[in-house]
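Q: Starting off with a structure, shown below.
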Amino acid sequence: MIGAGGAGFSAAITARNAGANVVLLEKMPAVGGNSLISGAEMNVAKNWVQPKLGINDDSPELHAQDTFKGGDGKGDMKVINVMTHEALDAAKWCRDYLGVRFEDDNLFFFG
């Protein structure tokens, strides 16, 4: 695997659990990539934090629309829909299997 960020580590763990011999390479002196600087946050509709914050009107479909809009309409909706519909399972896997401690907050960042 190339890249020891969140995606690279996840792919390496999944491959190893499936019986593959895995080598994980990273170009930087420290692992983590963009996941390291994410602040323990992940954009996931219908997650376990939203009900605590009174957010009940979110959905993978809205997440997909927001993602497409945020990409200036240049994204592949088929790929975006896979990402937004699988995000909750991915976040639960990170939380329950890897032990990632996500922030119990609803934060907004603007770039």
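Q: Straight-line reach from Lys52: which aspartates and glutamates fall under 15 Å, measuring Cα to Cα and dropping same-chain residues less than 8 apart?
A: Candidates past the 8-residue exclusion: Glu103, Asp104, Asp105.
Q: Just order 12-25, 78-91, 44-57 by mean Cβ neighbour count inside 10 Å, highest at the front, would you?
A: Put in order of decreasing packing, that is 78-91, 44-57, 12-25.
Q: Please name which of Phe102, Val49, Ser10 has its Cα lying farthest along the dipole of the chain towards the positive end, using unit charges on Cβ (Lys, Arg +1; Asp, Glu -1) and the Cα centre as origin.
A: Final value for the positive-end residue is Ser10.
Q: Still on this structure, please answer the following. Can you check what the net charge comes to around Leu53, using other residues whose Cβ is under 14 Å from the Cβ of Leu53 (Lys, Arg +1; Asp, Glu -1)?
A: Here the count lands on -4.
Q: Could you tell me how many degrees, from 0 to 90 and to the nearest 10, lie between the Cα long axis of helix 60-70 and the main elongation axis, the longest principal axis, of the Cα atoms of the chain?
A: 80 degrees
Q: Still on this model: Just want to confirm a number: the relative contact order over the chain, from Cα pairs under 8 angstrom separated by 6+ residues, in percent.
A: Across the chain, relative contact order equals 24 percent.
Q: Which value, in debye to the nearest 20, describes the size of the charge dipole of the chain about its Cα centre when Lys and Arg Cβ atoms bear +1, Asp and Glu Cβ atoms bear -1, and nothing else is charged?
A: So the dipole magnitude of the chain works out to roughly 340 debye.
Just so you know, all these numbers are worked out from the coordinates, no wet-lab data involved. From a predicted model like this one, the values you see are computed outputs, not experimental measurements. As a convention, Cβ positions derive from the backbone with ideal geometry for all residues, glycine included, and neighbour counts pool all protein chains shown.
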